[in-house]
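Have a look at the structure below before the remarks.
The values are calculated or read from the model by the stated rules, or taken from the named source; none is laboratory data. What you see is a predicted model; the values in this text were computed from it and never measured. Using ideal geometry, Cβ is built from the backbone for each residue, glycine included, and neighbour counts are taken over all protein chains shown. The area values use the complete protein model at the heavy-atom level, side chains included, leaving out ligands, DNA and RNA. Shrake-Rupley method; radii C 1.70, N 1.55, O 1.52, S 1.80 Å.
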Amino acid sequence: MVRFYLQVKYIIDFFLSLIAVIVASPVMAAVAIAIKIEDGGKVLLRQERTGKYGKKFTCYKFRSMKSDHVPFDKHRPVIKDNNANLTKVGKVIRKLKIDELPQIVNILKGDMCFIGPRPLLPDYDCEYQEWELVKFEMRPGLTGLSQVRGNGHLSIKARKYYDAYYVMHASPILDLKIIFKTVAVLIVGERRFLKRVPPECYEKAKQEVGKRMKISKQTYINFGPVSYTHLTLPTT
């Protein structure tokens, strides 16, 4: 049922992204002009992210920082509002999540969908447990369950749990809940919706993946035998 829904979801997302590009184009044009006027730098930030089946794709965002050469700490990945490297425009568009709007193009291209697991940088690829790879059995999303359960206030482990949970329970009802909560998050902030994951939930999710989902051979292969020598490749 989940896999069938995902196929329907991808078709719907394609047509919605066509509409979204048209509707959002005035806002995106205004943001692009504002970024260019502020410091004359490039408008878009292009980052490599890990997508469906572990394949890498170029994820688009509006540039919100003065420099792209900022040391990345995967243990503290969230950029605070008072970060000195943020531009004036960047502070506004990050607060309103407008910096993510160019990812509508990623949805149109088939790299992403509107709701799904958020794509992380390849820096995290070597840290997934085998059951967590279920996250990569669908396209990553513009928003998702972890984004409405605390997002930056959650640990990476908790965010991966919510990603895996979503892939196993994707449904129209869950998507509607995420849409409404995403709007609420934009209004009142992420912290108000923080929901930490109890320790026992991780083991429960691990067992559920084993019973309900099959991680594809393509996902294992794309993650590579060097980093994942402890994983057992499926024979079929």
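Structure summary
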{"item": "Arg3 versus Lys177: modelled label distance in nm, points set 7 Å from Cα along the beta carbon direction", "result": "2.5"}
{"item": "Charge dipole of the chain about the Cα centre (unit charges at C-beta), most positive-ward option of Phe15, Val89, Gln129", "result": "Val89"}
{"item": "Dimensions in Å of the chain - Rg and Dmax from alpha carbons", "result": "17.9, 56"}
{"item": "Kyte-Doolittle at least 1.0, axis length at least 27 Å by Cα - qualifying DSSP helices, the chain", "result": "2-39"}
{"item": "Accessible-area composition of the stretch 100-228, carbon plus sulfur, in percent [1.4 Å probe]", "result": "58"}
{"item": "Diffusion constant of the stretch 138-215 at 25 °C, which comes from Stokes-Einstein with the Kirkwood Cα-pair radius and 0.890 mPa s, µm²/s", "result": "188"}
{"item": "Virtual paramagnetic centre 7 Å along Cα→Cβ of Lys56, amide N under 18 Å, in the stretch 114-135", "result": "119-128"}
{"item": "P(r) tail fraction, the stretch 62-181 - alpha-carbon pairs more than 23 Å apart, %", "result": "34"}
{"item": "Average accessible surface area per residue within the stretch 155-222, 1.4 Å rolling probe, Å²", "result": "61"}
{"item": "Check: the chain dipole with +1 on Lys, Arg Cβ and -1 on Asp, Glu Cβ, in debye", "result": "340"}
